[in-house]
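Asker: To start, I am sharing the structure in question, which I have written as structure tokens.
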Amino acid sequence: MIPKTFEAIERVDLEALVANQVAERRTLEFKRDLPGPSESARKEFLADITSFANAQGGDILFGIDAPRGVALAIAGLTTDDPDKELLRWEDILLAGVEPRLPGVRMRWIDCGAQAGVMLIRVQGSTIAPHRVILARSNRFYGRKSNGKYEMDTQELREAFTASEALPTRLRALHLDAVDAALRGELPIGLGSDPTAIVSLIPVAYFREARDLPITVETALAPHKPSGYIDAVRMIEGVLLHTNPGETNAVRSYAMTHRQGRTDMVWTIGRIVNELRKEEIKLVWPKRFEDGLLDAANSGAAKLAQFGIEGPWVVHVTITGIKDYNLVLSNEHISDPAWRSQATLPPLMVERMNRAALLPLLRAFWLAFGVERPMNPFGSDQ
């Protein structure tokens, strides 16, 4: 896989592959031409794509001359309508693979006089293995360093088992972050205020071992820091946190793991007593929603520096909320939450934005027994 984000790959990157005579590998393959119109050619295309999805993902570049598996020239592809060509192959992929493949992206890279190159980036799938079903085919393909191969019965059994276990393994990573936050397993401490804990994990996390060179400059910053941010370098990664308050507790921190995932933790409520006879316990939904968007978007951007892309699994836990009321408006609050901790349903996201994260926003409000309004903060959000 080319170590750049999908959208950032340009003609100069293709020229660098040729200049450096980069060889094909398990996550990178070159094709001189697009597949022909025959049924066998389309099956071959689908076999290539699914082999990447059933492994750890990778890039396929159509329009690169590599007769011995080494990039020698940009041969280029010619077409009257690149967008129509991309759509044609997307349709073939949609109809020819089962189950449907998430996270496959296609781009046409203009190479000037050398015409164009079609880039296809395939992510390692969380619901693998995928099979080619075009024209009554029923074959599963895996991938080795020298290309694709048809998977045997034992490999299929292991692939199905791994796919079934993946959600549990990903959830365990998030629960580790929750335990670290609540059980004093970090060199900083949290107070007792209601807190949100968000883990951002690429779905291909277990498919490739990583040891990222995380620095203070490349690590994820805590949500809405006020004043100086301190850093703690750890075996697991780099932790950035806000200043401890009077109670020696921080209100926000972020952990960037060397293995390629992030956790962000911040407070979302507190006890207030503003001209009241009794104190009142409040949680502000905008604090949660702003923090979730920050954790997801900033976390994905930070990991993209190291060539790590989605799809992502977003895990969220809110803690310390029992007997706290959700602020609904200046005049209204919800009934108190009856539980101390709520782990929201995990969400797989291909591209980070508010719309994609909406199921988590809704689930948060339901933790307080309230349906999320269409426009909760008086703006188009």
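Asker: In the range 358-381, which residue that is among the aliphatic types (A, V, I, L, M) and under 25 Å from Leu182 (Cα atoms) is nearest to the chain's Cα centre (by Cα)?
Answerer: The residue in question is Leu360.
Asker: Of all residues in the range 137-150, which are hydroxyl-bearing (Ser, Thr, Tyr) and assigned to a strand (DSSP E or B)?
Answerer: Tyr141, Tyr149 - these are the residues of the range 137-150 that are hydroxyl-bearing (Ser, Thr, Tyr) and assigned to a strand (DSSP E or B).
Asker: Another question about this same structure. Filter the range 151-161 for residues that are in a helix (DSSP H, G or I) and free of Cβ contacts under 8 Å to residues at least 24 places away in the same chain; which is nearest to Arg26 (Cα to Cα)?
Answerer: Here the answer is Glu155.
Asker: Something else: Anything in the range 126-172 that is hydrophobic (A, V, I, L, M, F, W, C) and farther than 25 Å from Met1 by Cα? List them, or say none.
Answerer: Correct list: Ile133, Leu134, Ala135, Ala165, Ala172.
Asker: While we're on this one: Condition first: among the aliphatic types (A, V, I, L, M) and either free of Cβ contacts under 8 Å to residues at least 40 places away in the same chain or not in a strand (DSSP E or B) (or both). Now tell me which residues in the range 194-208 satisfy that.
Answerer: Those that are among the aliphatic types (A, V, I, L, M) and either free of Cβ contacts under 8 Å to residues at least 40 places away in the same chain or not in a strand (DSSP E or B) (or both): Val203, Ala204.
Asker: Determine which member of the set Leu326, Leu358 is crowded, with 17+ Cβ neighbours inside 10 Å and not β-branched (Val, Ile, Thr).
Answerer: It is Leu326.
Asker: If you check Met118 against the conditions, is it touching a residue at least 24 places away in the same chain (Cβ under 8 Å), within 25 Å of Ser40 (Cβ to Cβ) and under 24 Å from the mean Cα position of the chain (by Cα)?
Answerer: Taking the combined requirement at face value, the residue satisfies it.
Asker: Give the residues of the range 343-354 that are at pLDDT below 90 and not in a strand (DSSP E or B), sorted by residue number.
Answerer: Selection gives Glu350, Arg351, Met352, Asn353, Arg354.
Asker: If Gly369 satisfies every condition in (1) modelled with pLDDT of 90 or more; (2) at negative phi but one, which is the exception?
Answerer: (2)
Asker: Ok, one more. I need every pair where a residue in the range 122-140 that is touching a residue at least 40 places away in the same chain (Cβ under 8 Å) and more than 13 Å from Gly103 (Cα to Cα) has its Cβ under 8 Å from the Cβ of a residue that is of a type in the set (Phe, Trp, Tyr) and buried (at least 23 other Cβ atoms within 10 Å of the Cβ), sequence separation at least 6 or different chains.
Answerer: Val132/Tyr141
Asker: A follow-up question, please. If you take just the strands (runs of 3 or more DSSP E) that sit entirely in the range 257-342, which of them hold at least 3 residues that are out of contact with any helix residue (DSSP H, G or I) (no Cβ under 9 Å at 6 or more places or on another chain)?
Answerer: Hits in the range 257-342: 269-272, 280-283.
Asker: List, please: which pairs have Cβ atoms under 7 Å, are six or more places apart or on different chains, and start with a residue in the range 345-372 that is under 24 Å from Thr126 (Cα atoms) and end with one that is modelled with pLDDT under 90 and β-branched (Val, Ile, Thr)?
Answerer: Note: pairs meeting the criteria are Met348/Thr126; Met348/Val203; Ala356/Val349; Leu357/Val349.
Asker: Is it the case that Leu292 is surrounded by 15 or more Cβ atoms within 10 Å (Cβ to Cβ) and either at pLDDT 95 or above or in contact with a Phe, Trp or Tyr (Cβ under 7 Å, 6 or more places away or on another chain) (or both)?
Answerer: Answer is yes for this residue.
Asker: Among the residues of the range 181-193, are any among the hydrophobic types (A, V, I, L, M, F, W, C) and either modelled with pLDDT of 95 or more or closer than 30 Å to Gly58 by Cβ (or both)?
Answerer: no
Asker: Related question: Out of the range 108-136, which residues are buried (at least 16 other Cβ atoms within 10 Å of the Cβ) and part of a strand (DSSP E or B)?
Answerer: Within the range 108-136, Trp108, Ile109, Gly116, Val117, Met118, Leu119, Ile120, Arg121, Val122, Gln123, Arg131, Val132 meet the criteria.
For (1) at pLDDT below 90; (2) not assigned by TED's automatic domain parsing to the domain that holds Leu86; (3) not β-branched (Val, Ile, Thr), each residue gets a yes or a no:
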residue	(1), (2), (3)
Met1	yes, yes, yes
Arg11	no, no, yes
Leu17	no, no, yes
Gln21	no, no, yes
Leu28	no, no, yes
Lys31	no, no, yes
Pro37	yes, no, yes
Arg42	no, no, yes
Thr50	no, no, no
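Asker: Where residues in the range 1-43 are touching a residue at least 40 places away in the same chain (Cβ under 8 Å) and of a type in the set (Lys, Arg), which of them is nearest to Gly58 (Cα to Cα)?
Answerer: Selected residue: Arg26.
Asker: Let me ask something else about it. Can you name the residue in the range 196-241 that is among the small types (Gly, Ala, Ser) and within 23 Å of the chain's Cα centre (by Cα) and, of all such residues, is surrounded by the most Cβ atoms within 10 Å (Cβ to Cβ)?
Answerer: Step by step, filter the range 196-241, then rank; the result is Ser199.
Asker: On to the next question. Go through the range 336-355 and count every residue that is touching a Gly at 6+ places or on another chain (Cβ under 8 Å) and surrounded by 14 or more Cβ atoms within 10 Å (Cβ to Cβ).
Answerer: 5
The values are calculated or read from the model by the stated rules, or taken from the named source; none is laboratory data. Keep in mind it's a predicted model, so treat the numbers as computed, not measured. Glycine gets a Cβ as well: all are built from the backbone with ideal geometry, and neighbour counts include every protein chain shown.
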